C-alpha cells in the first residue's frame, strides 16, 4: 500500500491521503437490471473516507484503465467499503465476474466529501440513478454523527431500483399518501425514504425526484423551510433542477457532480467544470476539487 497526497483548493475541510490498495472481494451481490453491490476489504480507504468521496478501481488486470466508483457504505471499524455499479461495458462486466477472495486494485478515497458537521435541523437528500449510493452513505453518516438532524431521503430511477422496495412504516407529512415505496435498508435504520419514477413502479411518486423534493418542500411552514439544507447527487439535469430549487427557496445546497474521470488524481484535468469565483468564472477538477461543490458555485450549461 502506498499513499498519495491530494490537497483540494475547493475546501479547507479536508486534505485527503489517497491509498493504493489491493482490496479483497468480500461479496458480490446481483441486483435488478444488471446492477451489483460489491463489498471490498480496503481498510486504508475505509479509515479515511467520507460521504461523497469515491474510489478509482481496476475492473480487471486485462484493463489498466481504472473506473471511478462512488462509495455507498463504509465501515472503518471492520475495514470494508461497498460500491453499487451497473455492468454495462466491458470493464464493469468483467468486474461483475470477480468472486470472493479475489483482489481488486483501487485508489482511494478520492475527492472532497459532503460537509461532515454543522448541519441544519432538517436534511433533504436527493439521489438520482447512479447518484443514489452517496446519499445512502450520507444518510448513514448523519444517523451516527448527527442523530438530532431530521433526515429525509428521496431517490429516483428510470430503471428498476437496486433493491426491493417496501411500503414504508414511517410517516412523511407533506408527501402524497399513495407514495409509500421506500428502501428497506433506510427503513431499518429508521430514516424515512421515498422513491420517484416515471415508469409506474408501485408506490413511487409519478415524476422526477426533483419534483418530489419540490412537493415536500412546498408543504413546509416558513420556519420549517428555513431549517432545511439540500444534498444531491445524480445526472446533470437533475442537479440543475435541484440547484434551481435551492435558489428559489434560499436554501444551502451541496451537489456531488457526475463527470467523466480519467486519472482520478487531478493530473489530466479532463473532468473540469465551470464555477463562479470572486475573480470571475474558472474551471475546477471534479476528481480532486470536487466531486462535491456548493450549488451556487456551479455554472450549468443551458439545457437543450
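Bear in mind that the values in this text are calculations on the coordinates, not laboratory data. The model shown is predicted, which means the values in this text are computed figures rather than measured ones. Cβ: placed from backbone, ideal geometry, glycine included. Neighbour counts: every protein chain shown.
If you look at just the Cα atoms of segment 183-235, how large are its Rg and its Dmax in Å?
Using the Cα atoms of segment 183-235, the pair Rg, Dmax is 12.7, 35 Å.
Using only alpha carbon positions, build the gyration tensor of segment 216-265, then give the equivalent ellipsoid semi-axes as the square roots of 5 times its eigenvalues, largest first, whole angstrom. Spell out each step's value before the answer.
On the way: eigenvalues 153, 21, 11 Å².
Largest first, segment 216-265 gives 28, 10, 7 Å.
Say R0 is 30 Å: what FRET efficiency, to the nearest 0.05, do residue 158 and residue 283 get from their beta-carbon distance? Walk me through the numbers on the way to the answer.
Numbers: r = 31 Å, r/R0 = 1.02.
About 0.45, to the nearest 0.05.
Return the inverse of the average 1/r over all pairs of distinct C-alpha atoms in segment 45-115, which is the Kirkwood hydrodynamic radius, in Å to one decimal. Don't skip to the end; give the middle numbers.
On the way: mean 1/r = 0.0789 Å⁻¹.
Over segment 45-115, the inverse of the mean reciprocal pair distance is 12.7 Å.
State the three equivalent ellipsoid semi-axes of segment 23-146, derived from the C-alpha gyration tensor as the square roots of 5 times its eigenvalues, in descending order and whole Å.
After diagonalising the Cα gyration tensor, the semi-axes are 25, 16, 12 Å.
What is the Cα coordinate range of segment 122-256 on the first, second and third principal axes, sorted by size from largest, in whole angstrom?
On the principal axes, segment 122-256 reaches 34, 31, 27 Å in Cα extent.
Determine the percent antiparallel among the DSSP beta bridges restricted to the chain, to the nearest 5. Write down the numbers at each step before the final one.
Values: 50 of 74 bridges.
Antiparallel bridges make up about 70 percent of those DSSP assigns within the chain.
Please compute the modelled spin-label separation between residue 78 and residue 188, points set 7 Å along Cα→Cβ, answer in nm with one decimal.
Placing both labels 7 Å beyond Cα along the Cβ direction yields 1.0 nm.
Highest first, please rank the peptides 190-198, 54-62, 21-29 by the mean number of other Cβ atoms sitting within 10 Å of their residues. Show your work: numbers first, answer last.
Details: 190-198: 22.0, 54-62: 20.4, 21-29: 17.2.
Descending mean neighbour count gives 190-198, 54-62, 21-29.
Would you mind calculating the gained length between residue 145 and residue 166 on full extension (0.36 nm times residue separation, minus the Cα-Cα distance), in nm to one decimal? Please report the intermediate quantities before stating the final value.
On the way: separation 21, 0.36 × 21 = 7.56 nm, distance 2.65 nm.
Between residue 145 and residue 166, full extension yields an extra 4.9 nm.
List 287, 268 from most exposed to least, where exposure is judged by having the fewest other Cβ atoms within 10 Å.
If I rank by nearby Cβ atoms, fewest first, I get 268, 287.
Sorted from largest down, what three extents in whole angstroms do the Cα atoms of the chain have along their principal axes?
53, 48, 40
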